[in-house]
Every structure is written in C-alpha cells, then in structure tokens.
Amino acid sequence: MINPGEKKKLEQTALQLRYDLLEMIGVGVAGHLGGSSSLAETMAALYFHVMNFSAGHLDDPGRDRLVLSKGHAALIQYAALCEKGCFPREELKRIKTLNGLLQGHPDLSVPGIEAVTGSLGQGLSISLGMALALRLDKSPARVYVIMGDGEQSEGQLWEAAMAAANFRVDNLTAFIDWNKVQATGTTKDIFNIPDLDKKWAGFGWNVLYTDGHNIEKILEAVEKAAAVKGKPSVIILDTIKGKSFSFAEGNAAYHNGVFTQEIYQQALEELDLIKAGI
Ligand SMILES: Cc1ncc(C[n+]2csc(CCOP(=O)(O)OP(=O)(O)O)c2C)c(N)n1
C-alpha cells in the first residue's frame with residue numbers, strides 16, 4: 001500500500017510523462033503515441049517508486065534494469081528517463097533529428113537505456129540473460145521487461161519464456177501491455193492469441209493480471225511478483241492504447257500517428273483537464 005500523497009505524486013508523474021509525449025511528437029511528424037501512453041502509469045510506478053535506479057548511478061552493477069521490448073514505444077521511456085534527470089529536457093524537442101540524442105527506438109547511447117530494442121520479440125531473451133548474470137553475481141537487482149500484446153506473436157519470445165521457467169529465474173518480472181490494439185488494427189483481428197494468461201502459466205510462469213492505469217494496483221502486482229520464488233512472473237497490464245487522449249484511445253491510427261495543430265491543441269487541453277482533477 002502507498003499513502004495518498006505518494007499515490008498523487010505518482011499520478012502527477014504519469015501525467016507529466018504524457019505531456020512529455022506531446023512535446024516529443026509535436027505537429028506534423030509521426031510519433032508512437034498509442035503504445036507509449038498505455039504505459040505511462042507503469043513507467044511512473046517502476047522508475048519513480050519501485051526501481052533502484054538513479055541518474056547519478058547509471059553504471060551501478062546493483063541497479064534494477066528495465067528493458068522496453070516493445071521498443072517503438074521508446075517515447076514513454078525517454079519521458080521517464082528525462083524526468084529522472086538522465087539527460088537535459090532540450091533533447092525531447094530534438095528527438096529523431098540528426099544531431100539529437102533520442103532516436104526512434106532505444107539504443108545504448110541514451111543514458112539509462114539498457115538494451116537496443118525495436119525488433120519485436122527480443123527483449124525477453126536479453127532480459128533473461130541479464131537476470132541470469134545478476135543471479136550469478138548474487139546481486140539483489142531485478143530485471144523488468146515490457147512486451148506488447150501484438151508482440152506475443154514473436155516466436156523467440158516463447159523460447160525465452162521456456163528458458164526462464166527452466167532456469168527458475170525469479171529476479172525477472174515481465175509485463176505485457178495488453179492494450180488490445182497493435183500497429184494496424186486490433187490484436188484480435190491481426191493475430192489472435194486467446195488465453196494469454198493460460199499460455200504463460202503453461203510455460204511455467206507465475207501470472208498476475210492488473211489494471212494497468214491504476215498505480216496502486218500496479219505496485220501491488222509488482223510486489224506480489226517479487227515475492228514469488230523459483231519461477232519468473234509476468235504481469236498482464238489491462239490497458240487502453242492511447243489512454244488519456246480521446247481521439248487516440250483504442251485507435252490504431254495513433255499507433256504512430258501525426259498531429260495536426262488542432263489535434264495537438266485538443267491533446268493538451270485533455271491533459272489539462274486531467275491535471276485539474278488530480
Ligand atoms: C520483428 C518485428 N516485426 C514487425 C515490427 C513492426 N511493428 C512495429 S510496432 C508493431 C505492432 C506491435 O504491437 P504491440 O506489441 O501490441 O505494441 P503496442 O500496441 O503496445 O504499441 C509492429 C508489428 C517490428 N518492430 N519488429
């Protein structure tokens with residue numbers, strides 16, 4: 001349980017991350033709003049409450065690691081890293097420019113990024129390697145990895161899932177951003193994967209399910225996962241793609257959409273309304 005003050009602070013952080021998304025996307029250039037916004041609460045919970053992670057200690061071997069396997073949602077991780085002080089705010093506006101630090105997918109030149117991702121399906125394998133190495137070092141650090149629901153169709157991921165269970169890796173917590181929409185339509189229409197929970201359980205994982213926009217519930221699930229010994233845990237985050245932006249919620253057009261000036265203004269106003277209510 002967190003106290004009401006901390007809960008409010010984390011909700012404000014999630015909102016700030018969404019403002020940062022708008023700053024990065026701007027007007028007239030495509031940006032991954034949908035799958036970034038669905039993760040705002042999870043990123044706020046992990047980076048600002050759960051993880052042993054600080055901008056001043058990015059090389060600390062004992063730090064917790066977060067790998068964004070669905071690397072196209074890099075904007076939300078950049079927002080969190082910026083708010084943590086890993087790089088100057090000015091970089092947000094320089095995103096995807098030749099001289100900018102931040103590019104369209106995560107890479108190791110960005111302080112705080114732990115793995116190069118973007119080719120879907122690889123992040124769990126990378127994270128498993130990190131978790132095994134940390135275990136060999138007897139480190140208390142944990143590895144967190146975030147996958148998409150569309151990403152669940154990648155075969156490599158299931159190989160890593162079996163390996164993690166086989167090696168009884170319990171310092172690894174995976175998340176599935178179950179936002180039900182992928183790049184060009186609903187996940188159900190494009191590559192239906194029913195009974196995701198049963199599949200992961202069948203592969204030997206401890207499976208948890210939570211409301212991915214409720215910070216308290218996310219924290220509860222993360223705590224439960226860490227308490228399970230002898231097997232890895234996966235948390236299915238029930239989320240809404242494009243959450244907090246009415247025009248983008250559940251809308252594949254804003255997977256990597258372009259804002260007009262009017263839509264940009266609307267997005268800002270919708271966030272301002274949420275701000276007034278927190
Ligand atoms: C191996 C691979 N195949 C295809 C793509 C193209 N691609 C980028 S995002 C995406 C959809 C991902 O959907 P999901 O995992 O549900 O992400 P979210 O909706 O949460 O953004 C696809 C197919 C890719 N990045 N990597």
Those residues of the stretch 70-120 which are charged (D, E, K, R) and closer than 19 Å to residue 46 by Cβ amount to 70, 83, 84, 114
Can you name the residue in the stretch 173-186 that is more than 25 Å from residue 65 (Cα to Cα) and near the ligand (Cβ under 6 Å from one of its atoms) and, of all such residues, is surrounded by the most Cβ atoms within 10 Å (Cβ to Cβ)? 181
Go through 121, 129 for me and flag whichever is more than 8 Å from the ligand (Cβ to nearest atom) and modelled with pLDDT of 95 or more. 129
Residue 53 passes all but one of the listed conditions (1) touching a helix residue (DSSP H, G or I) at 6+ places or on another chain (Cβ under 8 Å); (2) part of a helix (DSSP H, G or I); the exception is number (2)
Among the residues of the stretch 146-160, write down those that are under 17 Å from residue 173 (Cα atoms), in a helix (DSSP H, G or I) and more than 8 Å from the ligand (Cβ to nearest atom). 157, 158, 159, 160
Which listed residue, of 189, 195, is farther than 30 Å from residue 9 by Cα, within 14 Å of the ligand (Cβ to nearest atom) and without any contact (Cβ under 8 Å) to a residue 24 or more places away in the chain: 189
Determine which single condition residue 68 fails, assuming it passes every other condition in (1) crowded, with 16+ Cβ neighbours inside 10 Å; (2) away from the ligand (no atom under 15 Å from the Cβ). (2)
Quick check on the stretch 93-107. Is at least one of its residues more than 20 Å from residue 259 (Cα to Cα) and touching a Lys or Arg at 6+ places or on another chain (Cβ under 6 Å)? yes
Among the residues of the stretch 24-65, which ones are surrounded by 14 or more Cβ atoms within 10 Å (Cβ to Cβ), farther than 28 Å from residue 135 by Cα and either at pLDDT below 95 or away from the ligand (no atom under 16 Å from the Cβ) (or both)? 26
From the options 104, 100, 121, residue that is over 14 Å from the mean Cα position of the chain (by Cα), farther than 15 Å from residue 66 by Cα and buried (at least 20 other Cβ atoms within 10 Å of the Cβ): 121
Considering 214, 166, 192, which residue is among the polar types (S, T, N, Q), modelled with pLDDT of 95 or more and surrounded by 15 or more Cβ atoms within 10 Å (Cβ to Cβ)? 214
Within the set of pairs 6 or more residues apart or between chains, which connect a residue that is under 20 Å from residue 184 (Cβ atoms) and in contact (Cβ under 8 Å) with a residue 24 or more places away in the chain inside the stretch 145-163 to a residue that is within 13 Å of the ligand (Cβ to nearest atom) and of a type in the set (Ser, Thr, Tyr) with Cβ atoms less than 6 Å apart? 147/69; 149/187; 150/187
Looking across the stretch 23-74 at residues that are free of Cβ contacts under 8 Å to residues at least 40 places away in the same chain and of a type in the set (D, E, K, R), the single one that is farthest from residue 141 (Cα to Cα) is 59
Hand me the list of helices (runs of 4 or more DSSP H) wholly inside the stretch 184-278 holding 1 or more residues that are more than 18 Å from the chain's Cα centre (by Cα) and under 19 Å from residue 162 (Cβ atoms). 196-202
Which residue out of 221, 276 is modelled with pLDDT of 95 or more and loosely packed, with under 14 Cβ neighbours inside 10 Å? 276
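The values are calculated or read from the model by the stated rules, or taken from the named source; none is laboratory data. Quick caveat, the model's predicted, so the values are computed rather than measured. So basically every Cβ, Gly included, is an ideal-geometry build from the backbone, and we count neighbours across all protein chains shown.
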